[in-house]
Amino acid sequence: MLAGLIFATEDADDRPGVLAATLPFGGLTLVEFQARLLIAAGASQIILVVARMTPELLGAINRIGRRGAAVDAVRTATEVAEKLHPLARLLVVADGLVTNAEIVSQLAGEGDDALLVIDDREASPGLERVGATAVWAGLARLDPRHVAEVAALPRDYDFQSTLLRVAAQAGVAHLRLPEGEPAHGVFRDSRDLADRGKAILAALVAPPIRWADRYILAPLVRLALPRLVGRAVPTSALGGAGILIALAAGGAMRFGWVASGIGAAIVAVILFSIGAVLAWLRDEDSLVRFGRGGALATAALTALLLGDSVRLAGGTATGLAIAVAGIIAAGLVERAGGAAIRRRWWASPVAYPVVMLPLAIGGQVVAALAVAAGYAALTLGAAIEALREKP
């Protein structure tokens, strides 16, 4: 079992009375960012050491709890020792620490107690010395017994510093921070955190598996998220824009501008998808579902209108039949093809209009529908094969 211990006791350097842990960071608060890194590394319990409870901190704790981990706020080492399972592995995060998922994962793995350290010549302000030339880099993997040792000391000691000293005196191993990590450090200034939050924001979004998401959506998400968060753009605004453009796409295809309609549909799917990521970042669960559903619905509507254009032009239902078959296959793919079995070549909502667009530009509308439906069927077949029980 992995548990995370986050310190959230210090005030911001430039905002007296405001906890540094509650400063904005990449659309979240800093403590939420730290908790997400721990949960992504496998932590099932998050313990926050707080000096006082503020409305901002209470809101952050509630949002962290929605991520599926147990969250407790405590004030003393004694309370931490009571909350921890004796066999837990404890990952300690310094007050105001900014880092990335790779470094947290490195400490979260199995192994003996360890302190992440850097050379004192490279240390930024706010980090504590743990050796002749070594400075603590703000992360540690410790046995809960060290917390119990701190709990046995007088309560007027600073918890974070004392825990660090107890671990250092026990001779725990030192792990060197990898070189080339300029974003790693302790920051308690709102301006520094705002700058680093923009740079590290996209790291919260796991790289997609399917090719269209990875090479079309992901670069646009990384480009758009810092700007959207920095300007406090409402998630609903992206959903509204997606609806308007999807309606415009439908109108264009109804009037015979097939290629333009498909192009607009691609834009709408992208807007819905970016909105879903932004909603996930802000813990807006209903808008996450709306964004993902909007992307699927736009792709399906595009296929239906494209099939209907064949009916209007030639009086045959072939296009509609192909479109319906493709939509059913695509829907089953999204239902059955979980992230654990997905492959790079598999179809996704944005992939369908993308593969249809070149053929539609050339006037081959039925062929465009057939390619998209066939692609969905192949993906569905691969998903079924992956889900089959092996003898």
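I'd like the Karplus ³J(HN,Hα) series for segment 346-360: coefficients 6.51, -1.76, 1.60, θ = phi - 60°, whole numbers in Hz, and an x wherever there's a Gly or Pro.
Per residue, the Karplus-derived 3J(HN,Hα) values read 5, 6, 8, x, 6, 6, 4, x, 5, 6, 7, 4, x, 5, 5 Hz.
What does the charge dipole of segment 256-342 about its Cα centre add up to, to the nearest 20 debye, if the Cβ of each Lys and Arg holds +1 and the Cβ of each Asp and Glu holds -1?
140
Got a sec to turn the phi values of segment 109-117 into Karplus ³J(HN,Hα) couplings, 6.51 cos²θ - 1.76 cosθ + 1.60 with θ = phi - 60°, whole Hz, x for Gly and Pro?
Once rounded to whole Hz, the list reads x, 5, x, 6, 4, 7, 10, 7, 10.
What dipole magnitude, in Debye to the nearest 20, does the chain give about its Cα centre under +1 on Lys/Arg Cβ and -1 on Asp/Glu Cβ?
1560
Going by alpha carbons, how many degrees (0 to 90, nearest 10) lie between the helix axis of 159-169 and the longest principal axis of the chain?
Between the helix axis and the principal axis of the chain, the angle is about 70 degrees.
Quick one: what are the phi-derived ³J(HN,Hα) couplings along segment 271-276, Karplus 6.51/-1.76/1.60 with θ = phi - 60°, whole Hz, x for glycine and proline?
5, 4, 5, 5, x, 5
Taking the 0 to 90 degree range and rounding to the nearest ten, how far is the long axis of helix 285-314 tilted relative to the main principal axis of the chain, both from C-alpha atoms?
10
Under Stokes-Einstein, with the Kirkwood radius over Cα pairs standing in for Rh, what whole-number D in µm²/s applies to segment 293-387 at 20 °C and 1.002 mPa s?
161
How large a share of the accessible area of the chain, in percent, is made up of carbon and sulfur atoms when the probe is 1.4 Å and the other protein chains stay in place?
Exposed carbon and sulfur together represent 59 percent of the surface.
Are there GluC sites (Glu not before Pro) in segment 23-117 that DSSP puts in a loop and that have at most 14 other Cβ atoms within 10 Å, and which ones?
Within segment 23-117, the qualifying GluC sites (Glu not before Pro) (loop, at most 14 other Cβ atoms within 10 Å) are GLU110.
Could you give the accessible area per residue of segment 96-175, probe 1.4 Å, as a whole number in Å²?
47
I'd like to check one number: the per residue accessible area of segment 229-343, probe 1.4 Å, reported in Å² as a whole number.
With the other protein chains kept in place, segment 229-343 gives 46 Å² per residue.
Of all DSSP beta bridges located in segment 1-136, what percent are antiparallel, nearest 5?
30
Going toward the positive end of the dipole of segment 167-294, with +1 on Lys and Arg Cβ and -1 on Asp and Glu Cβ, which of GLY185, ALA170, ALA252 do you reach last?
ALA252
Taking the 0 to 90 degree range and rounding to the nearest ten, how far is the long axis of helix 365-387 tilted relative to the main principal axis of the chain, both from C-alpha atoms?
Helix 365-387 sits at roughly 40 degrees to that axis.
Within the chain, what percent of beta bridges assigned by DSSP are antiparallel, to the nearest 5?
Percentage antiparallel, nearest 5: 40.
For the chain, with a Gaussian network of springs between Cα atoms less than 10 Å apart, report the residue from GLU284, GLU128, GLU179 with the top mean-square fluctuation.
Per the Cα network of the chain with a 10 Å cutoff, GLU179 tops the list.
Leaving out ligands, DNA and RNA but keeping every protein chain, what accessible area does LEU87 have, in Å² rounded to the nearest 10, with a 1.4 Å probe?
140
The values are calculated or read from the model by the stated rules, or taken from the named source; none is laboratory data. Model, not experiment: these values are computed from the prediction. Glycine gets a Cβ as well: all are built from the backbone with ideal geometry, and neighbour counts include every protein chain shown. Areas reflect the complete protein model, heavy atoms only, side chains present, ligands, DNA and RNA absent. Shrake-Rupley method; radii C 1.70, N 1.55, O 1.52, S 1.80 Å.
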